[in-house]
Amino acid sequence: MASVVFDRVSKQYDDVFAVKDLSLAIADREFLVLVGPSGCGKTTSLRMLAGLESATQGEIRIGDRYVNDLPAKDRDIAMVFQSYALYPHMSVYENMAFGLQLRGMPKSEIQQRVQAAATQLGIEALLHRKPKALSGGQRQRVAVGRAIVRNPAVFLMDEPLSNLDAKLRVQARTELSKLHRDLNATFVYVTHDQVEAMTMGTRIAVLNDGMLQQVDTPQNLYNHPKNVFVASFIGSPSMNFFEGTLRRDGETLSASTSSFELPISIRRSRPFQGHVNSAVIIGIRPENIYDPKCIPPGIRTIPIEATVTVTEQMGSEIVAYLVTPDGVDFVARVDRRSAIQVGQTIRLAMDSEQFHFFDRQTEYVLA
């Protein structure tokens, strides 16, 4: 297995940068997820690592090797594509064995590797079938199996679950996470689905407009986003944002918006001392907004008045879409016991210790 390094890597098409100045170190045996919206540069980054695209500038290393000038076949990687790219005229066994045959591997070793991968993925009974006789989930396993038999230094996966239905996606996520642990291998995984990223990655690299925004563990990304984009992209439903101003009244610091006034505790106020009278963006996640009748014990809250426009009954919770009297939309995830109803004007309670503060001009977190 091997580590991967992008060192100030860019990819330019004419005057457009698909990837710009990407520096990222992926540890040996790590499961690193590249995530971001369509067109952010994540697949281009993966294709440069695979050798399917050339970097305009910068260095790419796999282990101790500089690989910019190496063809894809010599990089010791295996890639699982979104379309699976199975040969329709070949059986499952033949699809999994084909790459090994091209390398001149002995027939006995090919058979051993294919059988071992098929057993690991639970597809032994499918080895004689053609791809047209397989379900989407089975094809996905065959594509992964074809990568496993290669025993590569790095596994590359480009949205391999996007063709599966919702239930199969959940199952496949679990299987891939278990596979990563069993193989003890380096995985680089591309997705636009932040739920996939949060549930599978040991670390997540968030990209937008070709630039790396933040790389960290899933929990740190969620709890400590560095900017508004990361805060809004990670989490479902997305973080709510309100425009406001930081003010000081004597020794007391507060954030004032058109919808609420937020006193800032002395414990939290230190990062904001240099931003008094500055315009800020104030964020709070939907799960930190409560029906006043269902507030967990020990939480200090501030009120916000709003009218309910839509509710989604999720079974374990209610997702409520609301609008303040001054026209600011936001979302709350409230207790399933709540009696909240569409058209109702209510006063909700927001956890005063769970707000995030960003500079309105730069959109970076205040620190």
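Values for this structure:
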| quantity | calculated |
| --- | --- |
| Selection count, the range 187-231, where residues are open to solvent by 30 Å² or more (accessible area, probe 1.4 Å) and outside any helix (DSSP H, G or I) | 14 |
| Only listed residue being of a type outside the set (Ser, Thr, Tyr) and at positive phi, chosen from GLY315, GLY283, GLY274 | GLY315 |
| Number of the exception - LEU168 against (1) assigned to a helix (DSSP H, G or I); (2) of a type in the set (A, V, I, L, M); (3) surrounded by 20 or more Cβ atoms within 10 Å (Cβ to Cβ) | (3) |
| Positions within the range 255-276 being open to solvent by 30 Å² or more (accessible area, probe 1.4 Å), free of Cβ contacts under 8 Å to residues at least 60 places away in the same chain and not in a helix (DSSP H, G or I), in sequence order | GLU261, VAL276 |
| Residue check, SER259 out of contact with any strand residue (DSSP E or B) (no Cβ under 6 Å at 6 or more places or on another chain) and over 30 Å from ARG8 (Cβ atoms) | no |
| Options VAL323, VAL280; residue that is under 28 Å from GLN214 (Cβ atoms) and out of contact with any helix residue (DSSP H, G or I) (no Cβ under 6 Å at 6 or more places or on another chain) | VAL280 |
| Members of the range 79-119 found to be at pLDDT below 90 and closer than 18 Å to PRO160 by Cα, listed by number | PHE81, GLN82, SER83, TYR84, ALA85 |
| Residue count for the range 332-367, restricted to those that are touching a strand residue (DSSP E or B) at 6+ places or on another chain (Cβ under 8 Å), hydrophobic (A, V, I, L, M, F, W, C) and farther than 18 Å from VAL230 by Cβ | 8 |
| Members of the range 240-253 that are touching a Lys or Arg at 6+ places or on another chain (Cβ under 8 Å) and closer than 21 Å to TYR290 by Cα | ASN240, GLU243 |
| Test set (1) among the basic types (Lys, Arg); (2) closer than 30 Å to ASP21 by Cα; (3) touching a residue at least 60 places away in the same chain (Cβ under 8 Å) - ARG150 fails condition number | (2) |
| The lone exception for ILE123 - which of (1) closer than 30 Å to VAL4 by Cα; (2) out of contact with any strand residue (DSSP E or B) (no Cβ under 9 Å at 6 or more places or on another chain) it fails | (1) |
| Strands (runs of 3 or more DSSP E) wholly inside the range 1-92 that include at least 1 residues being loosely packed, with under 15 Cβ neighbours inside 10 Å | 4-13, 16-26, 57-62 |
| Selection count where residues are under 16 Å from the mean Cα position of the chain (by Cα) and closer than 23 Å to VAL5 by Cβ, scope the range 160-213 | 20 |
| Candidate set: the range 100-134, residues that are without any contact (Cβ under 8 Å) to a residue 24 or more places away in the chain, outside any helix (DSSP H, G or I) and more than 24 Å from ARG181 (Cβ to Cβ); chosen: the one most open to solvent (accessible area, probe 1.4 Å) | ARG103 |
| Some residue of the range 300-319 being open to solvent by 40 Å² or more (accessible area, probe 1.4 Å), at pLDDT below 90 and closer than 21 Å to THR245 by Cβ | no |
| Strands (runs of 3 or more DSSP E) wholly inside the range 300-367 that include at least 1 residues being over 18 Å from PRO237 (Cα atoms) | 301-313, 345-351, 356-359 |
| Matching option when the condition is of a type in the set (Ser, Thr, Tyr) and either touching a Ser or Thr at 6+ places or on another chain (Cβ under 6 Å) or at positive phi (or both), among TYR93, TYR13, TYR84 | TYR84 |
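The values are calculated or read from the model by the stated rules, or taken from the named source; none is laboratory data. Note that the coordinates shown come from a computational prediction; the quantities given were computed from them, not determined experimentally. For neighbour counting, all protein chains shown are included, and Cβ atoms are generated from backbone atoms with ideal geometry for every residue, glycine included. With ligands, DNA and RNA removed, areas are computed over all heavy atoms of the protein, side chains included. Shrake-Rupley method; radii C 1.70, N 1.55, O 1.52, S 1.80 Å.
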